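What follows is a set of notes on a single structure, which appears directly below.
The values are calculated or read from the model by the stated rules, or taken from the named source; none is laboratory data. Owing to the predicted nature of the structure, the values given are computational and were not obtained by experimental measurement. Cβ coordinates were reconstructed from backbone atoms using ideal geometry, including for glycine residues, and neighbour counts include every protein chain displayed.
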Amino acid sequence: MSIMDFFAARSFLILFAVIALALLIMSIRVANQYERSVVFRLGKFNRTAGPGLYLVWPLIEWQTKLDLRTITANVEQQEGITRDNVPIKVDAVIWYRIVDPERAVIEVKAVSNAVVQVSLTTLRTVLGQHTLDEILKDQDTIAEVMQKSIDAVTEPWGVKVELVQMKSVEIPPSMQRAMAQEAEALREKRARLIKAEAELDAAEQLRQAAEVIMQNPAGLELRRMQMITEVGAEQNTMTIIMMPSEFVAMAKGIADAARTVAGKA
């Protein structure tokens, strides 16, 4: 072998090594712990790579990288008619994550947009199946129904819907005024019932007091004197009252008896 042939062969080997090293460097890929890469070889699914270091050979392989963390998506405001024919506007929030990267790439195009669109249609459908009172009072129950309905559609796409929540519910101003009037009427009703119960309790107490006084009529006069004393103390006025003769005689007898006992002592 001549010297020229030797150097040519050596140059070819060096060139081959450089090309191979360049291809190896170009093939190196890194996926984070929360990422997976769906790798296709010549148009066919080959493998799911990651996390960590892996290779994707140039020209014959290409990848689609997906985030497996929980994704929060806003469902834009939807206007619908409730079952009792009330127009309302509702917007919601959905939490979902990809559990099968292969199906999320192969079975549906733009999986995030597909999940949001399914949420929009489901929200409109659910609004028409419930009354306004149910939507306002049982939002958690309705959100759970939505979550199960959306998850049933997205399951073949390798997507798990974890939670759905209604963010706001808007009702027409006329309906708001009607609901405010209804709430005011209910509060007035409760106030009247409480007042009536208080009057009933007071009447029962007065009845019991009357029964006690009937057993000892003198107690009525003592109570009247006590009330007069309280009125005089509060108003700072002179009050002239008429006293039954029986009460005066009884009081005089008590006083005479007390003087007699004191004289004997």
What about TYR54, is it hydroxyl-bearing (Ser, Thr, Tyr) and touching a Leu at 6+ places or on another chain (Cβ under 9 Å)?
no
Tell me yes or no: at least one residue of the stretch 25-47 is at pLDDT 85 or above, within 25 Å of VAL118 (Cβ to Cβ), exposed (fewer than 13 other Cβ atoms within 10 Å of the Cβ) and not assigned by TED's automatic domain parsing to the domain that holds SER119.
yes
Only one of (1) out of contact with any His (no Cβ under 9 Å at 6 or more places or on another chain); (2) assigned by TED's automatic domain parsing to the domain that holds ILE135 is not met by ARG83, so which one is it?
(1)
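Just for the stretch 155-174: of the residues that are of a type in the set (D, E, K, R) and closer than 28 Å to THR48 by Cβ, which one is surrounded by the fewest Cβ atoms within 10 Å (Cβ to Cβ)? Outline the logic, then answer.
The initial filter retains those residues of the stretch 155-174 that are of a type in the set (D, E, K, R), namely 155, 160, 162, 167, 170.
Pick out the ones that are also closer than 28 Å to THR48 by Cβ and you get 155, 160, 162.
Numbers: GLU155: 14, LYS160: 15, GLU162: 12.
The extreme case among them is GLU162.
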Taking the options THR64, THR125, THR72, name whichever one is hydroxyl-bearing (Ser, Thr, Tyr), within 23 Å of GLU155 (Cα to Cα), over 31 Å from the mean Cα position of the chain (by Cα) and loosely packed, with under 15 Cβ neighbours inside 10 Å.
THR64
Hey, among ARG103, ARG97, which residue is at pLDDT 90 or above, closer than 30 Å to PHE40 by Cβ and not in a helix (DSSP H, G or I)?
ARG97
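Out of the stretch 93-108, which residues are charged (D, E, K, R) and without any contact (Cβ under 8 Å) to a residue 60 or more places away in the chain?
To start, the set of residues in the stretch 93-108 that are charged (D, E, K, R) comprises 97, 100, 102-103, 107.
Of everything in the stretch 93-108, those that are charged (D, E, K, R) and without any contact (Cβ under 8 Å) to a residue 60 or more places away in the chain turn out to be ASP100, ARG103, GLU107.
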Just give me the residues in the stretch 21-48 being assigned to a strand (DSSP E or B) and within 39 Å of the chain's Cα centre (by Cα), in sequence order.
ALA31, GLU35, ARG36, SER37, VAL38, THR48
